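Below you'll find the structure, written out as structure tokens, and then a few comments.
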Amino acid sequence: MVGLSKIPCCKKPGHQRLDESDLESLQRIFITLWAIWNHRNRVIHEGVTPDPMNVIITTQNLFCRYHEIYQKHYCTEHRISRQKIMEQGFQGQWSIILKISGVKHRRKKRAAFAYEARNRQGTVVFYGCSSSAANSVSVALLEGLREAAVTAFRLQYNQILVLSNCNFLVQLFNTGQVPDWEGKTLFADLQSLKQRGICLSFRWIPAFVLVNVYNMAVMASSAPMHFQWPQHLTL
């Protein structure tokens, strides 16, 4: 997404994820360099007449073939991986699965969060998205988690399995890390909800599983908004 920054806390340490446009650009660069190198060798060793147009056509043909094969493989792997992730490791005592994601618009300096909750039958029970004045995505995620937890409490869902690709959010609750000053109040609110019977379990998952809530957060980061469904539960 143009204008959106990838948040460090939502990456695995030491690794930087490439988005689809970056990956496609790298593919074009490597294929073009290979085509130039191959044509040069043919000119030197086989006496072929230099032909820049031949290099361009070869590059385009190879890229189209590679892209077609890659897309088929990616779609298959994406479907299988997503199914495995959603089937494995989620067998505990939980009443809803809550997917949550956050972004920050680089140009507009606006953070946002979005979430979606499903019951054991796979039915969406509530979802929402909102812009945030938070200085970081981590704090925006805490805002979203608090809103979602309150909604779940009102709907009498007490066992919540939270899925996120943000290491900060997962480690905060799983290892007892202390949030900074901006997140302390939100964290205290969540602890208060836990004392009232809300049980939150956290699991790190890859970003592609969260694509629907991520896209909702992107919209909320582009323009001020707050939406929640069912609407009568809006805070």
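Here is how the numbers come out for the structure above:
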{"read-out": "Residue list for region 148-200, restricted to those being more than 15 Å from ASN119 (Cα to Cα), under 22 Å from the mean Cα position of the chain (by Cα) and touching a residue at least 60 places away in the same chain (Cβ under 8 Å)", "value": "SER164, ASN165, CYS166, ASN167, PHE168, LEU169"}
{"read-out": "Single match in PHE187, PHE202, PHE227, PHE173 (criterion: surrounded by 13 or more Cβ atoms within 10 Å (Cβ to Cβ), more than 18 Å from SER131 (Cβ to Cβ) and out of contact with any Phe, Trp or Tyr (no Cβ under 8 Å at 6 or more places or on another chain))", "value": "PHE187"}
{"read-out": "Qualifying residue in region 56-68 (condition: surrounded by fewer than 21 Cβ atoms within 10 Å (Cβ to Cβ), touching a Phe, Trp or Tyr at 6+ places or on another chain (Cβ under 9 Å), modelled with pLDDT under 90 and aliphatic (A, V, I, L, M))", "value": "yes"}
{"read-out": "Strands (runs of 3 or more DSSP E) completely within region 154-235 that count 2 or more residues being within 16 Å of TRP94 (Cβ to Cβ) and either aliphatic (A, V, I, L, M) or in the same structural domain as ASN119 (by TED's automatic domain parsing) (or both)", "value": "159-164, 199-204"}
{"read-out": "Among (1) under 22 Å from VAL211 (Cβ atoms); (2) at pLDDT 75 or above; (3) not acidic (Asp, Glu), the one test that GLY3 misses", "value": "(2)"}
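The values are calculated or read from the model by the stated rules, or taken from the named source; none is laboratory data. Because the structure is predicted, anything quoted here is derived from the model rather than measured. Using ideal geometry, Cβ is built from the backbone for each residue, glycine included, and neighbour counts are taken over all protein chains shown.
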